[in-house]
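**Student:** Pasting a structure here, questions to come.
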Amino acid sequence: MGSVKPGDVEAGMNDDRTTAFPDPATVGRLALSDSGFVFDPVSGRSYSVNASGLAILRLLQKPTGLAEVVEALQARFEGDATTLERDVIEFADVLRGQIK
Amino acid sequence: MMPEPRLTVAVTGMNAVPENPGPGIAVARCLREAYGPHVRIVGLGYDALDPGLYLGEYCDSAYMLSYPSGGSDAMLARLAEIHTAERIDLLIPCLDAELPQMVGAVPRLAAMGIRTLLPDAQALARRTKDRLPELCAIADVACPEIKPITSPTFFRTCRAEGWSYPMVIKGPFYDARIVRSAEEGAAAFNAIVAEWGLPVLAQRFVAGEEYNLTGVADGHEQLLGEVMMKKRALTTKGKAWAGVTIFDEGLADAARRLVKTLRWKGPLEVEMMRDAAGRYHLIEINPRFPSWIYLSQGVGRNLPALLAEIALGRPAPAVAEPRPGTMFIRYAVETIVPLGDFEKMIMGGALSRHIDPEGVR
């Protein structure tokens, strides 16, 4: 995870993008509430996310790939695959900066 | 049926200025919640305006002590007077500045029948701020370089010695200020010297977030009941005004190694900075409970009660599993003090709600 730069993600949209996601074990430690309240028991930080952010976090708590995440989101939220893919990657970038 | 003998615990640190409160009131509150009416709590303070002295819900009686600068003999003489009136079973000191004298007095306190759970003088000295790098090298814990300074000229010449800004300037017992220039450094130096005296310590700045751990060491290299906390709101002095429990095995492991290396006995607070890579750097070890110790009761790990049980030679009580995500938010509150109570404290240095303190002056 540590050697992957955001540019790597942009460079190859057909590559396996799971390496751009935070470690599932790290995301897995987060306490997620249906309200969108998120608590990290290691850092003590708390966050609030919207419904799509919460859905992404729940998906990233298990080993998964970008295509699977986008497919799961398409079933619940409006938006074309390209837009959702971009949103997921951006969200994962923010997440990696916040949760270590 | 004989009534169960009541435990009498004396607790210092009854000061509670909001920006930097002493731990004594929180320790007394923990004891009260653990033992209810089966504990008699004796509050000990150094100023007649220490609010804990007047909080009858926590302190059954209260006394003024002589300042640590008055020497061990004066402190022990005063404790002996109070002991005559109160028959203290256990003493829990809560202030850094009094710890050296208290530790030195342990054999004489024991001879009086007053129990304590405190480190020995060597362990206490090994965790002073200027010796932390030496301790951490043995305990395999990261620690920023620390340098004692005796003159503000250091801040003009420090770059030649490999120091850079920002850095942290600290007093020997209290106070820590981040300075970003020679001017700020000199101002912090002068302010700390005026309040706390020399030496002043310069500590390299560690970028990251501060995490605190408190627990009780049993004297057999075991750290018991550790509670970890991240500050969520600070006072002007950088003290926790709100916080939340966390759990990180890495932080607990580092604290265990420090306890083992020091062969620590008694309460402690470990202050660490966690850098961007998740590595913990030791900033301070305080030889007492922190002022946020009531959080331990909030997560089922009442540490003052755990200390009392160990000090009395009883088995350490079981504590709850770690409970990250429990918050505290502090608030300031006024307590009404009858002028007569204040008069007793000013004129006699004692206030007892159940025992006539006559003779204890």
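**Student:** Could you tell me whether any residue of the range B:74-92 is in contact with a strand residue (DSSP E or B) (Cβ under 9 Å, 6 or more places away or on another chain), hydroxyl-bearing (S, T, Y) and over 26 Å from B:A242 (Cα atoms)?
**Tutor:** Taking every residue of the range B:74-92 in turn, none turns out to be in contact with a strand residue (DSSP E or B) (Cβ under 9 Å, 6 or more places away or on another chain), hydroxyl-bearing (S, T, Y) and over 26 Å from B:A242 (Cα atoms).
**Student:** Let me ask something additional. Do we find that B:R126 is in contact (Cβ under 8 Å) with a residue 12 or more places away in the chain, more than 23 Å from the chain's Cα centre (by Cα) and either assigned by TED's automatic domain parsing to the domain that holds B:L262 or under 24 Å from B:P290 (Cα atoms) (or both) in this structure?
**Tutor:** no
**Student:** Still on this structure, please answer the following. Taking helices (runs of 4 or more DSSP H) that fall entirely within the range A:17-98, which contain at least 2 residues that are away from chain B (no Cβ under 14 Å) and free of Cβ contacts under 8 Å to residues at least 40 places away in the same chain?
**Tutor:** A:51-60, A:66-74, A:81-98
**Student:** Oh, and also: Which of the following residues is more than 14 Å from chain A (Cβ to nearest Cβ), closer than 30 Å to B:G300 by Cα, surrounded by fewer than 18 Cβ atoms within 10 Å (Cβ to Cβ) and among the charged types (D, E, K, R): B:E183, B:E221?
**Tutor:** Residue meeting the stated conditions: B:E221.
**Student:** Could you count how many residues in the range B:188-216 are away from every other protein chain (no Cβ under 14 Å), in contact (Cβ under 8 Å) with a residue 60 or more places away in the chain and in contact with a helix residue (DSSP H, G or I) (Cβ under 8 Å, 6 or more places away or on another chain)?
**Tutor:** Counting residues in the range B:188-216 that are away from every other protein chain (no Cβ under 14 Å), in contact (Cβ under 8 Å) with a residue 60 or more places away in the chain and in contact with a helix residue (DSSP H, G or I) (Cβ under 8 Å, 6 or more places away or on another chain) gives 6.
**Student:** Separate question: Mind telling me which of the residues B:D275, B:D253 ends up being at pLDDT below 95 and acidic (D, E)?
**Tutor:** B:D275
**Student:** In this structure, is B:I285 more than 14 Å from every other protein chain (Cβ to nearest Cβ) and modelled with pLDDT of 95 or more?
**Tutor:** Judged against the criteria, B:I285 is a match.
**Student:** Further question: So which residues in the range B:47-70 are part of a loop (DSSP other than H, G, I, E, B) and closer than 18 Å to B:E86 by Cα, if there are any at all?
**Tutor:** Of everything in the range B:47-70, those that are part of a loop (DSSP other than H, G, I, E, B) and closer than 18 Å to B:E86 by Cα turn out to be B:L55, B:G56, B:E57, B:Y58, B:C59, B:D60, B:L65, B:S66.
**Student:** Output the number of the condition that B:L117 fails; it satisfies all remaining conditions of (1) more than 30 Å from B:A311 (Cβ to Cβ); (2) assigned to a loop (DSSP other than H, G, I, E, B); (3) touching a residue at least 12 places away in the same chain (Cβ under 8 Å).
**Tutor:** Every listed condition holds for B:L117 apart from (1).
**Student:** A follow-up question, please. Hey, any hits in the range B:301-315 for a residue that's in contact with a helix residue (DSSP H, G or I) (Cβ under 8 Å, 6 or more places away or on another chain) and free of Cβ contacts under 8 Å to residues at least 24 places away in the same chain?
**Tutor:** yes
The values are calculated or read from the model by the stated rules, or taken from the named source; none is laboratory data. Keep in mind that this is a model prediction, so the values were computed, not measured. No Cβ is skipped: glycine too gets one built from the backbone with ideal geometry, and neighbour counts run over all protein chains shown.
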